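Student: The structure that follows is given in the form of structure tokens.
The values are calculated or read from the model by the stated rules, or taken from the named source; none is laboratory data. Here the structure is a predicted model, which is why all the values come from computation and not from measurement. Don't worry about glycine lacking a Cβ; one is built from the backbone with ideal geometry, like all the others, and counts go over all protein chains shown. Just so you know, the surface numbers come from the protein's heavy atoms only, side chains and all, with ligands and any DNA or RNA stripped out. Shrake-Rupley method; radii C 1.70, N 1.55, O 1.52, S 1.80 Å.
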Amino acid sequence: MADAALSVQNLWKVFGPNAEKLIGTPDLELSRKELQAKSGHVIGVRDVSFDVAPGEVFVVMGLSGSGKSTLVRLITRLIEPTSGTVMLGEENLTTMDEEKLREVRRKRVSMVFQHFGLLPHRKVIDNVSFGLEIRGEDKTRRRARAQNMVDLVGLSGYEQNFPDQLSGGMQQRVGLARALANDPDILMFDEPFSALDPLIRRDMQNEVIRLHHEVGKTMVFITHDLAEALKLGDRIMILRDGAIIQIGTPDEVVAAPADDYVKDFVSDVPKSHVLTLKWVMRPPANSEEGIGAPTLPDTTIVRDAARTVLATDGLVRVVNAQDEFVGVVDDEDILRVVVAEEG
Amino acid sequence: MSTAAPPKVIRQGPAPDAPPVLAEPTPRWKPVAVVLLLWLAVWWFTKGTDTLVLAGRDRTPVMDTLAAFRDRMIAGRESNPVMVVTGALADALRGTVSFLQRVISIPDDPRPVPQIGWLGVTAVATWVGYAVANWRIALLVLGTFLSFGAFGYWSHSMDLLIMVGIAVVLSLAVGIPLGILAGTNKRANSIIEPVLDFLQTMPTFVYLLPIVLFFGIGSASAVVCTLLYAVPPLIRISAHGIRTVPPTMVEVADSIGLTRWQRLLKVQLPLAKRTIIVGLNQTTLAALSMATIASFVNGPGLGKPVLDGLRINDTGTALVPGLLIVAMAIMLDRATTAASERGDIMARGGGLPPRLHRAILIGGGVLAAVAVMISRQSLWAAEFPDLGWGRAIAKGAGDVITAITDTLSPITGPFKDAITYALLNPLQAFLSESPWWLAAAAIALLAYVLGGLRALVPTVVCLAGMVFFGLWNNAMVTLAMTLVATILCMVIAVVVGVAMARKRSADLLIRPILDAGQTIPAFVYLIPCLALFGPSRFTGIVAALAYAAPVSIKLVADGVKGVSATTMEAVRSSGASTMQQIRKVQLPMAKASLMLATNQGLLFVLAMAVISGMVGAGALGYDVVIGFSRSEEWGKGFAAGATIVLLGIMIDRIARRAAEAAPDQWKRFPMRAPTGPF
Ligand SMILES: Nc1ncnc2c1ncn2[C@@H]1O[C@H](COP(=O)(O)OP(=O)(O)OP(=O)(O)O)[C@@H](O)[C@H]1O
Ligand SMILES: [Mg+2]
């Protein structure tokens, strides 16, 4: 995909003394456990390739130890990849020299960390303007920009506080503001909300959704929380032992899990909240079926479609993005999804 | 586990399908007891032969060679490149010290008084106290400085401050960069770490002699050894501070695109600042401690009058300067601690409103400047009026001490005799009357039994060195004292430490005393010990105990406290009595801490054994002390110093290897005791 914001090709990370030498050898076919037992090497990320479109929220998820953190760090080379390429727009990050890489980190990619990573000796406003300071912007400009960001994340009035005087949620807002202050092309989040309690977490998720609407950044978002992934992601990539198991939209992942690992993951998800009509409709018997009945797009979520469908006697027609008639649903199709999760 | 410890064996139970039972590992005390019994048996038949006693004035050829080497070095002062460099350094140091002395401590010819008199110095110091800390510290500084003058030791006190000041400034200049290097660079650390280990396990006292050779008797040597003693804690703590900056922070820095240098300046150093200031505190106190001891090489300062008093066994005279040293220690400790907390308080809007604070600073600065001017012009403000307090106290104290000593002698006397006759004499007889080959073989065997090959090799090397330097017999006498003091130290440490760990109130009561004990320069301990017990080996032991016990007690207390609450609850619920809880659970589980406490205790005791050479402890310590004062005994003094080093290394290696069951514990960073012994 030439116009991808971020393109990752055949990315590998092997931890261990002779990682480079392993690339291309049959040893890499071994499972993680076997390889570790054999040579003490640990596979962090195994042959990962994906593209992220501009403005997309791309969620990476997997259990603990599946290589999510390693993956985001490979992208900006906080961890050096063992092999593979990372393209940021037209630029190849993997072959860049230190100097240019720093430039990229200063201007084009920002990161939000699980434990916030705020500098305790700096006030909120100085934390937010830290990146700008490093970039060498003059004081009045970075102040103004930082103030805007503080306002944007809803922390007006806390500029002069120190991080440890704020609650966890507020601290992560500072982290967000700091990341946004650089006006990067891509924002990367490494489990930014898993240290927060559930209510605050929901607030922060909504915050990210709002910010995404307002600033429209490309985001790579790591989480091990499926609900979060489904809520935020345009697409979700599922990792296990460093390898990709599935990449798909939330409804694809829920409706068509690639294997038992993913199925297990999604088994507890309230399907009616995720599945769209595309996954529950059946193909029309003929192009005339249900003519005159109400019409819904196939991207409508089942829960949202329920009222219309149940209120209608008989069928509802489903159309795709091109407004072509692609299927029909009736009460029973809807109820099957809803009732399934009651059981 | 040491290599000598038998591997755990799985013993097959009688029934084939019975679960295998883990065999009790053979306790190491059995072979140890066997070795000791053998030693005793052979001793019985051979005692008094081959003991390598060196009579009072005798010297061995090795010692004469050493002295000749020194003479050659001194003769080559102009040509030998090492001597030329150290000579130039020494000149620079001496120049700096004497310049500062002329500013605040001694008459600056042709002036009859220093450039700045007591009023000016006191005012400036008080102002600094306020500027770096708060008004309470300012008052403390004021009081301390006034007492320097009031008790008649103004000049000595200023000298000591100068020595400490120079040593601390140099420590900062050397220690922080090295600390940063060690904290950020693994390879650099692997070089720096062993050097620090060496510096900190060595009784510093023993490298006074070689330093004197290169820097000459006087202030230059005093500064150098103070620096050598004071800088390791700063390097270690700075490195530790840099290393413990959370990795996330480093990652944040990198992800934002900081250069290495920016990362260091904007992230790592600010985050490590607090820790580094703790290091500054330790370094300052260590410098004070060593600068006092440096009076042995004629370093200026309050140590001198203490030493003079001790030399003539006049504790009354030594008492006042001793107390002033304590006052200075408390002042420096509190001031550096408060200074480290101030930054935070200010940044968080605590303390006075900034404008008022600035006004007071400026006002105070002006006042201090005026005081300096006055003290340059009027004699009363330049020379502290003679109040005679010091002399009065010295005399009064002399009487009081005599009275106390007399009253206590029914207690102290028997106590002293009990320890001396029941413990010290037999052990000393055993060690020093063994033929050298017997003692050496037995010690080597013990090392092997306790610590395996890795303990045996250094032990044999050290033993050979001790024989080589020709002070074998004295080494055995010192070893006996060291062992007795260490045993007593551990008894105290276990009793007090367990009490502290089990009872919070005991901890709250005792810990501040221990902290204070660790703040006081070691030298000062000698004064009360000498007063109570007179010059004897026992006095040396008591002083060593006072010096070593706080460290060991804390280690034991923290170790026992480390036994988890859940474990203790389970034990209590099983109905164990208090003694059973302590003996069967708490002490065994705190074994690593006990080992560490013993090792630290040993090193501290050994270090103190040198210093107490001058209060009648005799043996190696005495040889070293004499080495300072008599030119022709330099070789012997050096040999004694080297022997102490060897003794220290030997004990340390055996103890370390024996305790390797818990290697982590050794690496753990004791924040309150990073300064090694003297
Ligand atoms: N520096 C390293 N050296 C060796 N192995 C490593 C290193 N860093 C990570 N690993 C291994 O790589 C694997 C992936 O780790 P990673 O931290 O990326 O997982 P994760 O998905 O982020 O897990 P979590 O949800 O717990 O954060 C793990 O098995 C880990 O042990
Ligand atoms: Mg992670």
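Student: Could you give me the ³J(HN,Hα) list for the range A:44-57, computed from phi with Karplus coefficients 6.51, -1.76, 1.60 and θ = phi - 60°, whole Hz, x at Gly and Pro?
Tutor: Per residue, the Karplus-derived 3J(HN,Hα) values read x, 9, 10, 6, 9, 9, 6, 10, 10, 7, x, x, 7, 9 Hz.
Student: Over all alpha-carbon pairs of chain B, lay out the pair-distance distribution in 10 Å bins, whole %, shortest bin first.
Tutor: Values per bin, smallest distances first: 3, 13, 23, 25, 20, 11, 4, 1, 0, 0.
Student: Rounded to the nearest 500, what is the 222 nm mean residue ellipticity of the protein assembly as shown from helices alone, with -39500 (n - 2.57) per DSSP H run of 4+ residues and division by all residues?
Tutor: Details: 43 runs with 630 residues, N = 1021.
Taking each H run of at least 4 residues, the total per residue is -20000 deg cm²/dmol.
Student: Sticking with this one: How high is the relative contact order of the range B:404-678, in percent, with contacts defined as C-alpha pairs under 8 Å that are six or more residues apart?
Tutor: Reported as a whole number, the value is 26 percent.
Student: Enumerate the aspartates and glutamates that B:Lys273 could reach by cross-link, defined here as Cα to Cα under 14 Å, with residues fewer than 8 away along the same chain left out.
Tutor: Those aspartates and glutamates meeting the cut-off are B:Glu341, B:Asp344.
Student: I've got another one for you. Please work out the Cα center distance from the range B:545-612 to the range A:166-200, rounded to the nearest Å.
Tutor: Measuring centre to centre over Cα atoms gives 46 Å.
Student: Considering chain A as a Gaussian network with a 10 Å cut-off on Cα pairs, which listed residue, A:Pro163, A:Pro250, A:Pro284, attains the greatest mean-square fluctuation?
Tutor: Highest fluctuation among the options: A:Pro284.
Student: Relative contact order, percent, of chain B when contacts are C-alpha pairs under 8 Å separated by at least 6 residues?
Tutor: Values: 1034 pairs, mean separation 143.6, N = 678.
Normalised by residue count, the contact order of chain B is 21 percent.
Student: With each label point set 7 Å from Cα along the Cα-Cβ vector, what nm distance links A:Asn286 and A:Phe15?
Tutor: Distance between label points: 6.4 nm.
Student: Moving on. Based solely on C-alpha atoms, express the radius of gyration and the Dmax of chain A in angstrom.
Tutor: Reported Rg and Dmax, both Å: 22.9, 70.
Student: Using all C-alpha to C-alpha distances in the range B:404-678, build P(r) with 5 Å bins and read off the rounded percent in each one.
Tutor: Histogram of Cα-Cα distances, whole percents per bin: 1, 6, 11, 15, 17, 16, 14, 10, 6, 3, 1, 0, 0, 0.
Student: With the alpha-carbon atoms as the only input, what is the per residue convex hull volume for the range A:202-260 in Å³?
Tutor: 87
Student: Can you pull out the trypsin sites (Lys or Arg not before Pro) in the range A:251-343 whose DSSP state is coil and whose Cβ has at most 11 other Cβ atoms within 10 Å?
Tutor: none
Student: If I model the range A:1-127 as equal point scatterers sitting on the Cα atoms and use the Debye formula, what is log10 I(q)/I(0) at q = 0.12, 0.13, 0.21 Å⁻¹?
Tutor: The Cα Debye sum returns log10 ratios of -0.54, -0.63, -1.28.
Student: What percent of all Cα-Cα pairs in the range B:404-451 falls into each 10 Å bin, going from 0 up to the bin containing the maximum distance?
Tutor: Bins of 10 Å from zero give 23, 29, 24, 15, 9 percent of pairs.
Student: Then there is this: Taking amide H positions as placed 1.01 Å from N in the peptide plane, with prolines and chain starts having none, which residues 5 or more places from A:Val57, or on another chain, fall under 5 Å of its amide H?
Tutor: Those lying under 5 Å, H to H, from A:Val57 are A:Met219, A:Asp234, A:Arg235.
Student: Could you give me the ³J(HN,Hα) list for the range B:210-217, computed from phi with Karplus coefficients 6.51, -1.76, 1.60 and θ = phi - 60°, whole Hz, x at Gly and Pro?
Tutor: In residue order, the calculated couplings are x, 5, 4, 4, 8, 10, x, 4 Hz.
Student: Taking amide H atoms as placed 1.01 Å from N in the peptide plane, list the residues 5 or more away in sequence, or in a different chain, whose amide H sits under 5 Å from that of A:Val326.
Tutor: A:Val318, A:Val319, A:Asn320
Student: Any idea what % of Cα-Cα pairs in the protein assembly as shown are farther than 40 Å?
Tutor: Across the protein assembly as shown, Cα pairs with separations above 40 Å total 59 percent.
Student: Okay, next question. How many times 2.2 N^0.38 Å is the alpha carbon radius of gyration of the range A:1-42? List each step's numbers first, then the result.
Tutor: Details: Rg = 13.5 Å, N = 42, 2.2 N^0.38 = 9.1 Å.
The value comes to 1.48.
Student: A further question follows. Run the simple label-point estimate for B:Ser378 and B:Arg348 please: 7 Å along Cα→C-beta, distance reported in nm.
Tutor: According to this spin-label approximation, the distance is 4.4 nm.
Student: Enumerate the lysines that B:Lys30 could reach by cross-link, defined here as Cα to Cα under 17 Å, with residues fewer than 8 away along the same chain left out.
Tutor: B:Lys8
Student: Here's something else I'd like to know. Quick check: the distance between the Cα centres of the range B:472-527 and the range A:99-160, to the nearest angstrom?
Tutor: Taking the Cα centre of each part, the range B:472-527 and the range A:99-160 sit 52 Å apart.
Student: Could you compute the FRET efficiency for B:Ala188 and B:Val84, with r as their C-beta to C-beta distance and R0 at 35 Å, rounded to 0.05? Write out the running numbers ahead of the final one.
Tutor: Numbers: r = 29 Å, r/R0 = 0.82.
Calculated value: 0.75.
Student: For the range B:291-350, which trypsin sites (Lys or Arg not before Pro) are both in a DSSP coil and crowded by at most 16 other Cβ atoms within 10 Å?
Tutor: Passing both the DSSP loop test and the Cβ count: B:Arg348.
Student: In Å², nearest 100, what accessible area do chains A and B bury in total when the solvent probe is 1.4 Å?
Tutor: The buried area between A and B, both sides summed, comes to about 1800 Å².
Student: Counting only C-alpha contacts under 8 Å and six or more residues apart, can you give the relative contact order of chain A as a whole percent?
Tutor: This gives 17 percent for chain A.
Student: Hey, how many Å between the Cα centroid of the range B:253-307 and the Cα centroid of the range B:129-203?
Tutor: Centre-to-centre distance over Cα atoms comes out at 6 Å.
Student: Next question, about the same structure. Can you compute 3J(HN,Hα) from phi for each residue in the range B:625-637, using the Karplus curve 6.51 cos²θ - 1.76 cosθ + 1.60 with θ = phi - 60°, rounded to whole Hz and x for Gly and Pro?
Tutor: Once rounded to whole Hz, the list reads 4, 5, x, 6, 8, 10, 4, 6, 9, 4, x, 5, x.
Student: Using a cut-off of 29 Å between alpha-carbon atoms, which lysines can reach A:Lys100, once sequence neighbours fewer than 8 places away in the same chain are excluded?
Tutor: A:Lys13, A:Lys21, A:Lys68, A:Lys139, A:Lys217, B:Lys186, B:Lys266
Student: Still on this model: Where is the GNM fluctuation largest for chain A (alpha-carbon springs, 10 angstrom cutoff): A:Asp183, A:Asp27, A:Asp47?
Tutor: The residue with the greatest mean-square fluctuation here is A:Asp27.
Student: Amide H neighbours of A:Gly44 under 5 Å, at least 5 residues apart or on other chains, H built in the peptide plane: list them.
Tutor: When sequence neighbours closer than 5 places are left aside, the close amide H contacts are A:Lys13, A:Val14, A:Phe15.
Student: Now for a different question. Go ahead and set up a Gaussian network model of chain A, Cα springs under 10 Å, then flag whichever of A:Val220, A:Val309, A:Val45 fluctuates most.
Tutor: Looking only at A:Val220, A:Val309, A:Val45, the largest GNM fluctuation is found for A:Val309.
Student: Could you tell me which of rounded, prolate or oblate describes the range B:22-162, using a ≥ b ≥ c as the square roots of the eigenvalues of the alpha-carbon gyration tensor, with rounded for a/c under 1.5 and, failing that, prolate when a/b is larger than b/c and oblate otherwise?
Tutor: Details: a/c = 3.09, a/b = 1.67, b/c = 1.84.
Taking the square roots of the gyration eigenvalues as a ≥ b ≥ c, the range B:22-162 is oblate.
Student: Can you tell me the equivalent ellipsoid semi-axes for the range B:165-276? Use √(5λ) from the Cα gyration tensor, largest first, whole Å.
Tutor: 33, 14, 10
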